[in-house]
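Here's the structure we're looking at; comments come further down.
The values are calculated or read from the model by the stated rules, or taken from the named source; none is laboratory data. It should be emphasised that the depicted structure is a prediction, and the values quoted were computed from it without experimental measurement. Cβ placement follows ideal geometry from the backbone for every residue including glycine, while neighbour counts extend to all protein chains displayed. Ligands, DNA and RNA are stripped out before the accessible areas are found, and what is left, the full protein with its side chains, is counted by its heavy atoms. Shrake-Rupley method; radii C 1.70, N 1.55, O 1.52, S 1.80 Å.
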Amino acid sequence: MNDPAPRKRKRDGAATREKILAEALTLFARKGFDATSIKDISSAVGVADAALYRHFPSKDDIAHTVFTLHYGSLAQDVSDVAARHVHIAPIIDELIAMLCRLFDQKPDVFAFILINQHNHLRFVGYKANPVEECVALMRTAQDRGQIAISDPQLAAAIALGAAIQPAIFHLYGRLEGSLSDKKEVISEAVRKALGVKSLQQLKKAE
């Protein structure tokens with residue numbers, strides 16, 4: 001008979017790797033990358049440092065894996081939403097709702113990849129980058145005459161700022177309730193800031 005032990009060890013190894021990534025994400029989001037040590041991660045996972053190093057050679061490698069995994073997933077989500085609509089207005093509404101839901105359901109993911117992103121962007125180029133996806137959709141909206149701001153980089157910065165700053169206020173305890181409760185207000189603010197034109201305005205301009 002074949003020994004089932006190797007397969008079991010493989011499954012256990014995969015589970016340990018997933019737990020390392022999950023605990024590291026929580027620590028990075030709450031303590032910061034620099035303040036989190038390998039000892040912190042191994043203690044949270046419940047393994048020795050040596051066991052952790054069997055899965056990842058360094059703390060940087062753990063952060064790289066965590067960041068690119070979630071950052072890439074968000075980039076794909078932004079791309080998928082943009083592909084479903086022709087006009088920028090429903091795209092904004094859907095993206096704001098998605099970001100609010102991400103903050104409410106997975107605050108550590110939100111904080112790590114969006115609020116603390118500047119510490120980790122060295123891990124990614126322009127591939128699988130949600131910010132670049134936002135710039136691309138703003139460029140398309142500008143080309144179609146759907147927004148008043150001519151610079152797509154500036155438009156993306158304004159939209160992302162309006163979406164992320166309320167989340168920061170929530171983290172500081174300045175806002176109560178869920179962020180999803182405020183998605184309509186945030187969406188309206190983004191549309192106004194970008195000068196989004198209605199379908200009626202676009203038809204009149206033709």
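Cβ-Cβ distances below 6 Å connect the following pairs, each with a first residue in region 59-73 that is modelled with pLDDT under 90, a second residue that is open to solvent by 40 Å² or more (accessible area, probe 1.4 Å) and outside any helix (DSSP H, G or I), and a separation of six or more residues or different chains: 72/128. Considering only residues in region 104-122 that are open to solvent by less than 20 Å² (accessible area, probe 1.4 Å) and under 14 Å from residue 179 (Cα atoms), the one that is modelled with the lowest pLDDT turns out to be 111. Taking region 52-63 as the range and being surrounded by 17 or more Cβ atoms within 10 Å (Cβ to Cβ) and assigned to a helix (DSSP H, G or I) as the test, the residues that pass are 52, 59, 62, 63.
Among what's in region 36-49 and is open to solvent by less than 60 Å² (accessible area, probe 1.4 Å) and either aromatic (Phe, Trp, Tyr) or over 16 Å from residue 21 (Cβ atoms) (or both), pick the residue that is nearest to the chain's Cα centre (by Cα).
37
Just one of the numbered conditions (1) modelled with pLDDT under 95; (2) under 21 Å from the mean Cα position of the chain (by Cα); (3) in a helix (DSSP H, G or I) is not true of residue 12: (2). Within region 32-51, residues that are part of a loop (DSSP other than H, G, I, E, B) sit with their Cβ atoms under 6 Å from residues that are among the polar types (S, T, N, Q), at 6+ positions apart or across chains, in these pairs: 33/119.
Evaluate region 123-138: report whether one residue or more is over 15 Å from residue 75 (Cα atoms), open to solvent by less than 40 Å² (accessible area, probe 1.4 Å) and modelled with pLDDT under 95. Show your work before the answer.
Start the filter on region 123-138 by keeping residues that are over 15 Å from residue 75 (Cα atoms), which leaves none.
No - not one qualifying residue is present in region 123-138.
If the condition is being in a helix (DSSP H, G or I) and open to solvent by 50 Å² or more (accessible area, probe 1.4 Å), then region 71-85 contributes 73, 76, 77, 80, 83, 84. For residue 101, are the conditions met, namely being modelled with pLDDT of 95 or more and either of a type in the set (A, V, I, L, M) or over 13 Å from residue 196 (Cα atoms) (or both)? It is true that residue 101 is modelled with pLDDT of 95 or more and either of a type in the set (A, V, I, L, M) or over 13 Å from residue 196 (Cα atoms) (or both).
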